[in-house]
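Reviewing the structure listed below.
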Amino acid sequence: MGKMFRFVPLSLVGLPAVLLSACGGGGGNEVQSAVVPGVALAASADHFSQDVSSMTGKFTMKFTIGGTSVEMQGNYSFEAPNRGYLTMDIFGQELEMLMLPPDFYVYLPDQRWYQVDSNAWGNVNLNKFEKYADSRGPIDYAATAKGMKGVSQLPDDAIDGKPYLHYGGDVDFSALADEVSECNVDPGDLENAKQTVNAVRVDAWVDKDTYLPRRLNMVVSEKPDNGPEVRLDFSMDFLQYSQPVDIPAAPSNAHPLSGLTGGQSSAACQ
(Lines give C-alpha, C1' and ligand atoms only; values in the text may rest on other atoms or scores of the structure.)
Protein backbone atom coordinates (compact mmCIF):
# COMPACT_ATOMS: atom_id res chain seq x y z
CA MET A 1 0.00 0.00 0.00
CA GLY A 2 1.28 3.48 -0.77
CA LYS A 3 2.91 5.45 2.00
CA MET A 4 0.23 8.11 1.74
CA PHE A 5 -2.33 5.79 3.29
CA ARG A 6 -0.28 5.28 6.41
CA PHE A 7 -1.35 8.73 7.55
CA VAL A 8 -4.32 9.90 5.46
CA PRO A 9 -6.95 7.95 7.48
CA LEU A 10 -5.56 9.34 10.72
CA SER A 11 -5.56 12.90 9.47
CA LEU A 12 -9.10 12.60 8.10
CA VAL A 13 -10.85 10.83 10.95
CA GLY A 14 -8.53 11.36 13.89
CA LEU A 15 -10.37 11.60 17.19
CA PRO A 16 -10.40 15.39 17.55
CA ALA A 17 -11.22 15.97 13.91
CA VAL A 18 -14.91 15.35 14.53
CA LEU A 19 -15.33 18.88 15.83
CA LEU A 20 -17.07 21.79 14.22
CA SER A 21 -15.95 24.94 16.00
CA ALA A 22 -18.21 28.01 15.69
CA CYS A 23 -18.19 31.42 17.33
CA GLY A 24 -21.38 33.07 16.06
CA GLY A 25 -21.87 36.23 14.06
CA GLY A 26 -22.03 36.99 10.37
CA GLY A 27 -19.58 35.98 7.69
CA GLY A 28 -16.77 38.32 6.76
CA ASN A 29 -17.52 38.13 3.03
CA GLU A 30 -21.05 38.98 1.98
CA VAL A 31 -22.75 36.39 -0.18
CA GLN A 32 -24.34 39.03 -2.34
CA SER A 33 -20.93 40.27 -3.51
CA ALA A 34 -19.44 36.81 -4.06
CA VAL A 35 -19.41 36.74 -7.85
CA VAL A 36 -15.88 35.38 -8.38
CA PRO A 37 -15.66 31.64 -7.57
CA GLY A 38 -12.76 32.09 -5.15
CA VAL A 39 -14.58 34.89 -3.34
CA ALA A 40 -17.75 32.80 -3.23
CA LEU A 41 -15.92 29.95 -1.52
CA ALA A 42 -14.28 32.34 0.93
CA ALA A 43 -17.75 33.63 1.83
CA SER A 44 -18.95 30.05 2.25
CA ALA A 45 -16.01 29.28 4.53
CA ASP A 46 -16.71 32.33 6.69
CA HIS A 47 -20.41 31.56 7.06
CA PHE A 48 -19.59 27.95 7.93
CA SER A 49 -17.04 28.97 10.57
CA GLN A 50 -19.10 31.73 12.16
CA ASP A 51 -22.80 30.94 11.77
CA VAL A 52 -23.14 27.28 12.74
CA SER A 53 -23.96 26.22 16.31
CA SER A 54 -24.49 22.51 15.61
CA MET A 55 -24.26 20.10 12.71
CA THR A 56 -24.89 16.53 11.62
CA GLY A 57 -23.51 14.80 8.59
CA LYS A 58 -22.07 11.67 7.05
CA PHE A 59 -18.92 10.76 5.17
CA THR A 60 -17.49 8.04 2.96
CA MET A 61 -13.86 7.07 2.36
CA LYS A 62 -12.99 4.79 -0.54
CA PHE A 63 -9.45 3.45 -0.93
CA THR A 64 -8.49 2.02 -4.31
CA ILE A 65 -5.22 0.18 -4.93
CA GLY A 66 -4.93 -1.06 -8.49
CA GLY A 67 -8.26 -2.76 -9.15
CA THR A 68 -9.15 -3.36 -5.49
CA SER A 69 -11.35 -0.98 -3.50
CA VAL A 70 -12.34 -0.77 0.16
CA GLU A 71 -15.05 1.61 1.35
CA MET A 72 -15.70 2.94 4.85
CA GLN A 73 -18.68 5.01 5.96
CA GLY A 74 -19.44 7.10 9.00
CA ASN A 75 -21.68 9.69 10.65
CA TYR A 76 -20.81 12.65 12.80
CA SER A 77 -22.43 15.28 15.03
CA PHE A 78 -21.18 18.53 16.51
CA GLU A 79 -22.48 20.90 19.17
CA ALA A 80 -20.90 24.24 20.03
CA PRO A 81 -18.54 25.09 21.43
CA ASN A 82 -16.52 21.88 21.17
CA ARG A 83 -18.50 18.64 21.60
CA GLY A 84 -18.24 16.06 18.83
CA TYR A 85 -19.30 12.46 18.16
CA LEU A 86 -18.37 10.22 15.25
CA THR A 87 -19.31 6.65 14.33
CA MET A 88 -17.58 4.70 11.57
CA ASP A 89 -17.98 1.27 10.02
CA ILE A 90 -14.58 -0.29 9.30
CA PHE A 91 -14.65 -3.75 7.72
CA GLY A 92 -17.94 -4.50 9.42
CA GLN A 93 -16.73 -3.29 12.82
CA GLU A 94 -18.14 -0.21 14.52
CA LEU A 95 -15.76 2.49 15.73
CA GLU A 96 -16.97 5.41 17.85
CA MET A 97 -15.12 8.60 18.70
CA LEU A 98 -16.26 11.07 21.33
CA MET A 99 -14.75 14.47 22.02
CA LEU A 100 -15.71 16.25 25.22
CA PRO A 101 -12.72 18.55 25.75
CA PRO A 102 -10.45 18.27 27.54
CA ASP A 103 -11.29 14.55 27.30
CA PHE A 104 -11.24 12.31 24.23
CA TYR A 105 -12.71 8.80 24.01
CA VAL A 106 -12.77 5.98 21.47
CA TYR A 107 -14.95 2.86 21.40
CA LEU A 108 -13.13 -0.03 19.74
CA PRO A 109 -14.39 -3.33 18.31
CA ASP A 110 -13.44 -5.12 21.54
CA GLN A 111 -16.59 -3.42 22.92
CA ARG A 112 -14.80 -1.16 25.35
CA TRP A 113 -14.50 2.58 25.73
CA TYR A 114 -10.99 3.99 26.05
CA GLN A 115 -9.93 7.43 27.17
CA VAL A 116 -7.09 8.94 25.13
CA ASP A 117 -4.35 9.87 27.57
CA SER A 118 -0.98 11.53 27.11
CA ASN A 119 0.82 8.16 27.17
CA ALA A 120 -1.36 6.45 24.57
CA TRP A 121 1.18 6.84 21.76
CA GLY A 122 4.33 7.61 23.68
CA ASN A 123 5.31 11.25 23.95
CA VAL A 124 1.99 12.71 22.79
CA ASN A 125 0.93 16.18 23.77
CA LEU A 126 -2.88 16.24 23.77
CA ASN A 127 -2.70 19.88 22.72
CA LYS A 128 -1.61 18.53 19.34
CA PHE A 129 -5.01 16.88 19.05
CA GLU A 130 -6.90 19.86 20.37
CA LYS A 131 -5.50 22.07 17.60
CA TYR A 132 -7.82 20.16 15.26
CA ALA A 133 -10.81 21.66 17.07
CA ASP A 134 -11.11 24.10 14.19
CA SER A 135 -11.25 21.33 11.60
CA ARG A 136 -15.05 21.54 11.60
CA GLY A 137 -15.68 17.92 10.65
CA PRO A 138 -13.52 15.05 9.38
CA ILE A 139 -12.02 17.56 6.94
CA ASP A 140 -11.47 21.26 7.62
CA TYR A 141 -14.00 22.66 5.15
CA ALA A 142 -13.21 26.32 5.76
CA ALA A 143 -9.46 25.92 5.27
CA THR A 144 -9.96 23.66 2.26
CA ALA A 145 -12.39 26.07 0.59
CA LYS A 146 -10.07 29.02 1.10
CA GLY A 147 -7.04 27.01 0.00
CA MET A 148 -8.44 25.87 -3.35
CA LYS A 149 -6.53 27.05 -6.41
CA GLY A 150 -7.77 27.48 -9.96
CA VAL A 151 -11.36 27.57 -8.73
CA SER A 152 -14.07 27.44 -11.38
CA GLN A 153 -17.84 27.53 -11.12
CA LEU A 154 -19.40 24.45 -12.68
CA PRO A 155 -23.04 23.91 -13.68
CA ASP A 156 -25.43 23.70 -10.76
CA ASP A 157 -26.05 20.19 -9.43
CA ALA A 158 -29.11 18.80 -7.70
CA ILE A 159 -28.69 16.89 -4.43
CA ASP A 160 -31.84 15.25 -3.10
CA GLY A 161 -33.81 17.25 -5.64
CA LYS A 162 -32.44 20.67 -4.65
CA PRO A 163 -30.03 22.63 -6.89
CA TYR A 164 -26.71 23.75 -5.41
CA LEU A 165 -23.85 25.92 -6.60
CA HIS A 166 -20.93 23.73 -7.67
CA TYR A 167 -17.29 24.82 -7.48
CA GLY A 168 -14.16 22.84 -8.33
CA GLY A 169 -10.44 23.35 -7.93
CA ASP A 170 -7.19 21.89 -6.60
CA VAL A 171 -5.49 21.95 -3.23
CA ASP A 172 -1.73 21.69 -2.78
CA PHE A 173 -1.01 18.35 -1.13
CA SER A 174 2.10 19.66 0.57
CA ALA A 175 0.01 22.24 2.38
CA LEU A 176 -2.39 19.52 3.54
CA ALA A 177 0.45 17.25 4.60
CA ASP A 178 2.03 20.00 6.68
CA GLU A 179 -1.16 20.13 8.74
CA VAL A 180 -0.86 16.47 9.73
CA SER A 181 0.24 16.20 13.35
CA GLU A 182 3.64 14.58 13.74
CA CYS A 183 2.15 12.18 16.27
CA ASN A 184 0.08 10.64 13.48
CA VAL A 185 2.71 9.87 10.87
CA ASP A 186 6.37 9.15 10.42
CA PRO A 187 8.03 12.30 8.99
CA GLY A 188 9.90 10.23 6.41
CA ASP A 189 6.67 8.74 5.07
CA LEU A 190 5.18 12.21 4.90
CA GLU A 191 8.07 13.58 2.85
CA ASN A 192 7.99 10.59 0.50
CA ALA A 193 4.27 11.07 -0.06
CA LYS A 194 4.83 14.71 -0.99
CA GLN A 195 7.01 13.53 -3.85
CA THR A 196 4.52 11.06 -5.30
CA VAL A 197 1.04 12.46 -4.62
CA ASN A 198 -0.63 14.16 -7.55
CA ALA A 199 -2.74 17.31 -7.22
CA VAL A 200 -5.67 16.99 -4.84
CA ARG A 201 -8.98 17.59 -6.61
CA VAL A 202 -11.73 19.22 -4.55
CA ASP A 203 -15.39 19.84 -5.43
CA ALA A 204 -17.77 21.79 -3.19
CA TRP A 205 -21.56 22.14 -3.43
CA VAL A 206 -22.93 25.23 -1.70
CA ASP A 207 -26.46 26.28 -0.75
CA LYS A 208 -27.62 29.21 -2.89
CA ASP A 209 -29.35 30.97 0.02
CA THR A 210 -27.18 30.35 3.09
CA TYR A 211 -23.90 29.65 1.30
CA LEU A 212 -23.31 26.83 3.76
CA PRO A 213 -21.74 23.71 2.24
CA ARG A 214 -23.94 20.76 1.35
CA ARG A 215 -21.23 18.41 0.11
CA LEU A 216 -17.46 18.28 -0.20
CA ASN A 217 -15.58 15.75 -2.33
CA MET A 218 -11.82 15.27 -2.28
CA VAL A 219 -9.72 12.95 -4.46
CA VAL A 220 -6.11 12.21 -3.52
CA SER A 221 -4.02 9.94 -5.73
CA GLU A 222 -0.48 8.64 -5.36
CA LYS A 223 1.59 6.98 -8.09
CA PRO A 224 4.66 5.34 -6.55
CA ASP A 225 7.71 4.62 -8.68
CA ASN A 226 6.93 0.93 -8.30
CA GLY A 227 3.48 -0.50 -7.83
CA PRO A 228 -0.09 0.42 -8.71
CA GLU A 229 -1.72 3.80 -8.28
CA VAL A 230 -3.26 4.39 -4.86
CA ARG A 231 -6.30 6.63 -4.61
CA LEU A 232 -8.50 8.00 -1.84
CA ASP A 233 -11.98 9.32 -2.60
CA PHE A 234 -13.43 11.21 0.36
CA SER A 235 -16.98 12.59 0.37
CA MET A 236 -18.59 14.53 3.23
CA ASP A 237 -22.27 15.48 3.32
CA PHE A 238 -23.49 18.28 5.60
CA LEU A 239 -27.06 17.27 6.41
CA GLN A 240 -28.43 19.56 9.11
CA TYR A 241 -27.32 22.80 10.70
CA SER A 242 -28.11 24.47 14.03
CA GLN A 243 -30.61 21.84 15.17
CA PRO A 244 -30.58 19.70 18.35
CA VAL A 245 -28.04 16.88 18.15
CA ASP A 246 -27.50 13.75 20.22
CA ILE A 247 -23.98 13.51 21.65
CA PRO A 248 -23.36 10.86 24.35
CA ALA A 249 -22.18 11.70 27.83
CA ALA A 250 -18.69 10.70 28.89
CA PRO A 251 -18.49 6.92 29.47
CA SER A 252 -18.11 6.09 33.15
CA ASN A 253 -16.12 2.90 32.57
CA ALA A 254 -13.49 4.07 30.08
CA HIS A 255 -10.06 2.41 30.23
CA PRO A 256 -6.85 4.38 29.56
CA LEU A 257 -5.86 3.91 25.94
CA SER A 258 -2.22 3.65 26.93
CA GLY A 259 -3.06 0.32 28.53
CA LEU A 260 -3.98 -0.99 25.09
CA THR A 261 -1.19 0.62 23.07
CA GLY A 262 1.56 0.15 25.61
CA GLY A 263 2.48 3.80 25.20
CA GLN A 264 4.24 3.08 21.93
CA SER A 265 4.52 5.62 19.14
CA SER A 266 6.30 5.66 15.80
CA ALA A 267 6.74 9.41 16.01
CA ALA A 268 6.92 11.68 19.01
CA CYS A 269 5.11 14.99 19.21
CA GLN A 270 7.15 18.00 20.12
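Quick look at the numbers
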| item | result |
| --- | --- |
| For Leu239, distant residues with modelled amide H under 5 Å away | Thr56, Gly57, Lys58 |
| Val36, Val230, Val245, reordered so the largest accessible area comes first (probe 1.4 Å) | Val36, Val245, Val230 |
| Nonlocal amide H pairs with Asp207, under 5 Å, H built at 1.01 Å | Leu212, Arg214 |
| Exceeding the 24 Å Cα-Cα cut-off - candidates Lys62/Lys208; Lys149/Lys223; Lys62/Lys223 | Lys62/Lys208 |
| Rounded to the nearest 10 Å², the accessible area of Thr87 at probe 1.4 Å | 20 Å² |
| Accessible area in the full protein assembly, largest first, 1.4 Å probe, for Leu239, Leu216, Leu154 | Leu239, Leu154, Leu216 |
| Cα→Cβ-extended label distance, 7 Å offset, between Glu229 and Gln93, nm | 3.1 nm |
| Net charge over other residues, Cβ less than 14 angstrom from the Cβ of Val151 (K, R count +1; D, E count -1) | 0 |
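The values are calculated or read from the model by the stated rules, or taken from the named source; none is laboratory data. Only a predicted model underlies this, so the values are computations on that prediction, with no experimental measurement involved. Reconstructed Cβ throughout: ideal geometry from the backbone, glycine too, with neighbour counts over all protein chains shown. Accessible surface areas use protein heavy atoms only, side chains included; no ligands, DNA or RNA. Shrake-Rupley method; radii C 1.70, N 1.55, O 1.52, S 1.80 Å.
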